[in-house]
1. With the condition being of a type in the set (Asp, Glu) and within 11 Å of Val10 (Cβ to Cβ), I'd like the strands (runs of 3 or more DSSP E) fully within region 52-114 carrying at least 2 qualifying residues.
2. Considering only residues that are assigned to a loop (DSSP other than H, G, I, E, B) and under 23 Å from Leu90 (Cα atoms), look in region 25-45 and name the one that is nearest to the chain's Cα centre (by Cα).
3. Just the residues that are at pLDDT 90 or above, closer than 30 Å to Pro63 by Cα and of a type in the set (A, V, I, L, M), please, taken from region 98-139.
4. Being closer than 23 Å to Glu190 by Cα and of a type in the set (Phe, Trp, Tyr) is the filter here; which residues of region 124-172 pass it?
5. Does Pro225 satisfy being over 22 Å from the mean Cα position of the chain (by Cα) and open to solvent by 70 Å² or more (accessible area, probe 1.4 Å)?
6. Hey, which of the helices (runs of 4 or more DSSP H) in region 172-256, taking only ones fully inside, have at least 1 residues that are among the hydroxyl-bearing types (Ser, Thr, Tyr), closer than 24 Å to Arg267 by Cβ and touching a helix residue (DSSP H, G or I) at 6+ places or on another chain (Cβ under 8 Å)?
7. Can you find a residue that is of a type in the set (Val, Ile, Thr), in contact with a Lys or Arg (Cβ under 8 Å, 6 or more places away or on another chain) and either surrounded by 14 or more Cβ atoms within 10 Å (Cβ to Cβ) or within 25 Å of Gly252 (Cα to Cα) (or both) anywhere in region 133-148?
8. Can Thr164 be described as under 21 Å from Glu194 (Cβ atoms) and hydroxyl-bearing (Ser, Thr, Tyr)?
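The values are calculated or read from the model by the stated rules, or taken from the named source; none is laboratory data. Quantities reported herein were computed from a predicted structural model and do not represent experimental measurements. Every residue, glycine as well, gets a Cβ built from its backbone with ideal geometry; the counts of neighbours run over all protein chains shown. Protein only, heavy atoms only, side chains kept; ligands, DNA and RNA dropped before computing areas. Shrake-Rupley method; radii C 1.70, N 1.55, O 1.52, S 1.80 Å.
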Amino acid sequence: MTAVEEPGRVVLLTASHRVAPGLLSWPAWETLRAADRVLCPDAAHPQLPYLREAGVDVEIAEPDAQELIEACAGGRTVVVLPSGEGDRRLTDGLARLAGSGRVRMPDLELLPGSYDLPGARLLDLVQVMDRIRRSCPWSSQQTHQGLAKYALEEAYELVEAVETGDRDELREELGDVLLQVVFHARIAEEDAEEPFSVDDVAGGIVEKLIHRHPHVFGSETAETPEEVREHWLRTKAVEKQRASVTDGVPLGQPALALAAKLSARARTAGLDVPLPSGEGVGSRLLALAVEAEGAGADPEAALRAAARAYRAAIRAAE
């Protein structure tokens with residue numbers, strides 16, 4: 001067989017739109033530079049300026065399967081850069097020719113030029129939220145105040161998914177809570193006086209996590225969860241400079257959780273504060289919540305578990 005009859009090689013080079021254009025793998029760059037031809041059907045493909053800057057000659061062409069096979073004749077290597085949506089027409093055509101058995105096919109290779117990094121789909125969420133905010137009649141009118149109730153609802157639904165152990169529900173409810181964060185951050189971008197973005201939100205929590213984990217990112221050491229908590233509370237106290245250990249405790253949270261949080265703050269600060277005297281239900285509930293917190297139990301979760309058992313008993317009686 002002569003060299004002219006050799007079938008050659010087709011390389012479909014893919015790249016993630018979530019990775020900056022031009023950041024391609026070394027095998028991708030080697031293949032591009034060694035190729036006999038590089039074809040791209042999309043004149044606006046984001047990789048084109050970077051390929052041309054690197055000296056790669058790219059032809060704007062949209063060959064069909066037969067034309068691509070002919071372009072490889074003689075042992076040539078042809079690289080195709082599909083558009084962001086892919087090229088089903090081309091790949092289906094190649095599959096049909098390969099399945100016909102009547103055509104000697106070139107070597108077909110799918111070469112990923114870049115891969116999504118962990119968390120890459122968060123970029124998609126930010127883009128989708130931006131479009132919805134601009135184009136949806138309902139979403140475009142929402143405010144922080146109007147959305148606040150949904151944040152509470154989604155948080156409660158997340159807690160319920162955790163307590164029931166339903167993994168599908170847990171994944172979905174985490175997404176709903178994440179949506180609230182991204183939605184609020186998108187609204188915040190439009191504030192005329194103090195705008196901030198989701199990047200500012202993420203940057204703030206990154207800095208906080210690094211600062212409050214000196215045993216991970218610094219020279220401190222912590223061998224037990226208790227020592228980690230000490231680091232956290234110490235750095236938090238320096239950051240907040242609060243006048244009272246109760247500062248920052250949201251009074252709008254459920255009453256049992258509020259009582260337990262206040263008890264934990266007082267205990268951590270080494271304060272021995274007697275409970276308010278009284279014989280009413282509130283005083284008794286407060287005493288039970290403080291007792292539970294001191295024993296390491298979550299009174300809110302405990303009461304929810306008991307309430308679920310009570311609901312099951314009611315249904316059984318029905």
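1. 107-112
2. Looking at the filtered set, the residue picked out is His45.
3. Across region 98-139, the qualifying residues are Met105, Leu108, Leu110, Leu111.
4. Result: Trp138, Tyr150.
5. It is true that Pro225 is over 22 Å from the mean Cα position of the chain (by Cα) and open to solvent by 70 Å² or more (accessible area, probe 1.4 Å).
6. On the way: elements: 198-211, 214-217, 225-240.
The qualifying helices (runs of 4 or more DSSP H) are 225-240.
7. Filtering region 133-148 down to residues of a type in the set (Val, Ile, Thr) leaves 143.
Applying the additional criterion that residues be in contact with a Lys or Arg (Cβ under 8 Å, 6 or more places away or on another chain) yields none.
No, region 133-148 has no match at all.
8. Working: under 21 Å from Glu194 (Cβ atoms): no; hydroxyl-bearing (Ser, Thr, Tyr): yes.
So Thr164 fails the test.
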